[in-house]
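The values are calculated or read from the model by the stated rules, or taken from the named source; none is laboratory data. All values reported here derive from a predicted model rather than from experimental measurement. Note that we place each Cβ from the backbone using ideal geometry, even for glycine, and neighbour counts take in every protein chain shown.
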Protein chains: 2
Amino acid sequence: TSTSGKVKPPPVTRYNLNNVTITHNPLDNRENILILTPMARFYQAYWDNLLKLTYSHELITLGFILPKNKEGNTATTELQKQIAKTQQYGPEKDRFKSIIILRQDFDPPLPSQDEGERHKMQNQKIRRAAMAKARNSLLFTTLGPSTSWVLWLDADIIETPPTLIQDLAFHDKPLIAPNCFQRYYNTERKVMDERAYDFNNWQDSPTAQELASKMGYDDILLEGYADMATYRALMAYMYEEGADIHHEVPLDGVGGTALLVKADVHRDGAMFPPFAFYHLIETEGFAKMAKRLGWQAAGLPNYKVYHYNE
Amino acid sequence: TSTSGKVKPPPVTRYNLNNVTITHNPLDNRENILILTPMARFYQAYWDNLLKLTYSHELITLGFILPKNKEGNTATTELQKQIAKTQQYGPEKDRFKSIIILRQDFDPPLPSQDEGERHKMQNQKIRRAAMAKARNSLLFTTLGPSTSWVLWLDADIIETPPTLIQDLAFHDKPLIAPNCFQRYYNTERKVMDERAYDFNNWQDSPTAQELASKMGYDDILLEGYADMATYRALMAYMYEEGADIHHEVPLDGVGGTALLVKADVHRDGAMFPPFAFYHLIETEGFAKMAKRLGWQAAGLPNYKVYHYNE
Ligand SMILES: Nc1nc2c(ncn2[C@@H]2O[C@H](COP(=O)(O)OP(=O)(O)O)[C@@H](O)[C@H]2O)c(=O)[nH]1
Ligand SMILES: Nc1nc2c(ncn2[C@@H]2O[C@H](COP(=O)(O)OP(=O)(O)O)[C@@H](O)[C@H]2O)c(=O)[nH]1
Ligand SMILES: [Mn+2]
Ligand SMILES: [Mn+2]
């Protein structure tokens, strides 16, 4: 009000006339990337890997969503400590354009975040619906008019090539996933080894279609469970040692561990269904929804990123 | 880069810790409202009505999306002229917090925007899918961390009570629609009269459910067409002269002419399906999706807003 007699400056009026490009060479075209990470735990290796990404940090906005529980509070504190270090005291080239941290209002449905507990089949539907809502909250709240790309990157992805963004964008696909592996100690061979981790990147199969057709409207198919054999072609198993890292395959389901998405795919309305969508949920449902909107997912079986091993 | 030798100030780091409230008394709690309007044509009466809203303009952000065609260009020019007038030269109390204008990248599917052509049944699916995408683009791009409420308001809504936002929010419902009417000249009675306009606010019927159950997966039900009688209870016909304007009814389908939505409904993932969702599309599909997410729509049959009459 002008009771003080002073005239406030007029509020900023912003006209965005969609001059935002989305190209296979985003760095040269100075395209803005939004990296979105749902985070239940903070891993230093995740942050260190993020800092090493060679895509111009001044074009990168980071968005996080953390659950409002004890674990989430701890992770938020640790994350904020690293952010302060990078943004205030770190070398200029490391600093990101901006950072948004959201706290999840609803309680996470499972009390424990242990890998065994998380993966129990009967827990999956509730857990993945909650994850889908967290991803949607993060997405709807942070996507802006100048965003060209969204990189979904889980908080436990601790190792990627530093050129991850450029390499994935180069394929110019609406949504594209690298292959997510996990390093582990092979007790038999007594050496460090690696194994496939993300089974949500797959190509559909007649068996899965058949299973789905017999399900109740609200039931979901899950991947990676022996008692629900889908015979889908899993990208996790398409890896070929020494083969071209840019070899590309079409995908029908995607995971969220690492996934580059053109912002327009989300803008059309593609989100992470927290309910059964063609008997798929969360990231897998997202790939299906994108497809319904005319956007085909792709994967790079030989391009590896690594998941933390608990 | 620091080639100049100068150290840039560290980029802004924003922590949003969800201290945003969504209450039935948003004005006292200084809650931010985002008014979203897809706009094919600009009507001066729409803008004038907007200016008369008594909700604090400094808490209101406006978001527009206009098609990239000749009609859209004209509307954009007219809109920008009015914005400049209000934001730069108008009284302080009229000025809005911020304004975002987006242009739709894809071509609108129908060459003509005439009411007759628009409403032809076979044109509805493509048209409403395009409208759904426009709404999603607008929503995904403008919703921010501090948004409490989203008011969907069509560009041809030219008359509402000035307390529209407060009145609707008072009901504290996840999504709530007033009743959209249209003034016209009654040639028989030779007087100005009014009639129901928005038939997308409805309660479901067994007949509609039955029709849907026999449809192909991608087929949609439409409301307001004689050759597809749904026997749904239309809010348009629930209006009672002189009755309580705050009388509330539950709804299964909603229209987009005027609709107040708690931002958390959208954040959970509820958007405007541009494809058949339970045989519903766009705003009607949105109500169904919100319901799938646990949010029940409501309507106020006796609370009227008015649509332009071409
Ligand atoms: N905001 C939020 N993030 C979560 C929650 N649960 C897990 N996450 C994060 O979401 C991502 C995927 O979850 P995770 O448990 O690693 O899934 P998995 O590796 O597929 O078993 C990781 O980045 C987690 O840190 C939750 O309840 N809320
Ligand atoms: N961005 C955009 N807005 C549109 C388009 N077509 C209509 N609109 C706007 O969307 C709203 C609903 O469309 P309208 O044709 O009035 O629908 P009806 O009143 O239900 O027949 C109005 O605000 C229109 O100005 C379009 O192709 N693009
Ligand atoms: Mn994980
Ligand atoms: Mn209209």
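Quick notes
- Some residue of the stretch A:281-288 being modelled with pLDDT of 95 or more, away from ligand 4 (no atom under 16 Å from the Cβ) and more than 19 Å from B:ALA270 (Cβ to Cβ): yes
- Which listed residue, of B:THR61, B:THR76, is surrounded by 18 or more Cβ atoms within 10 Å (Cβ to Cβ), free of Cβ contacts under 8 Å to residues at least 40 places away in the same chain and either in a helix (DSSP H, G or I) or within 14 Å of chain A (Cβ to nearest Cβ) (or both): B:THR76
- From the options B:ASN25, B:ASN19, residue that is modelled with pLDDT under 95 and either away from every other protein chain (no Cβ under 12 Å) or not in a helix (DSSP H, G or I) (or both): B:ASN19
- Considering the stretch B:150-267, the qualifying helices (runs of 4 or more DSSP H), each wholly inside and each with 1 or more residues that are farther than 30 Å from A:ASP105 by Cβ and hydroxyl-bearing (Ser, Thr, Tyr), run over B:206-213.
- Options A:LYS173, A:LYS190, A:LYS214: the member that is away from ligand 4 (no atom under 16 Å from the Cβ) and under 19 Å from A:PRO301 (Cα atoms): A:LYS173
Conditions (1) more than 16 Å from ligand 4 (Cβ to nearest atom); (2) part of a strand (DSSP E or B); (3) modelled with pLDDT of 75 or more; (4) within 8 Å of chain B (Cβ to nearest Cβ), marked per residue:
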| position | (1), (2), (3), (4) |
| --- | --- |
| A:ARG103 | yes, yes, yes, yes |
| A:PRO111 | yes, no, no, no |
| A:GLY116 | yes, no, no, no |
| A:PRO145 | yes, no, yes, yes |
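- Annotation: A:LEU139 fulfils all but one of (1) within 14 Å of chain B (Cβ to nearest Cβ); (2) modelled with pLDDT under 95; the unmet one is (2).
- Filtered residues of the stretch A:136-162 (kept if within 19 Å of B:ASP268 (Cα to Cα) and more than 13 Å from ligand 3 (Cβ to nearest atom)): A:ASN136, A:SER137, A:LEU138, A:LEU139, A:PHE140, A:THR141, A:THR142, A:LEU143, A:GLY144, A:VAL150
- The residue list A:ALA258, A:ALA169 contains one member that is within 16 Å of ligand 3 (Cβ to nearest atom), buried (at least 21 other Cβ atoms within 10 Å of the Cβ) and away from every other protein chain (no Cβ under 14 Å), which is A:ALA258.
- Against the criterion of being away from ligand 4 (no atom under 16 Å from the Cβ), touching a residue at least 60 places away in the same chain (Cβ under 8 Å) and under 30 Å from A:TYR185 (Cα atoms), A:TYR308 qualifies.
- Residue match in the stretch A:238-253 (condition: within 16 Å of ligand 3 (Cβ to nearest atom), under 18 Å from the mean Cα position of the chain (by Cα), under 19 Å from A:TYR303 (Cα atoms) and more than 14 Å from chain B (Cβ to nearest Cβ)): no
- Of all the criteria given as (1) out of contact with any strand residue (DSSP E or B) (no Cβ under 7 Å at 6 or more places or on another chain); (2) surrounded by fewer than 23 Cβ atoms within 10 Å (Cβ to Cβ), the one not satisfied by B:GLU282 is (2).
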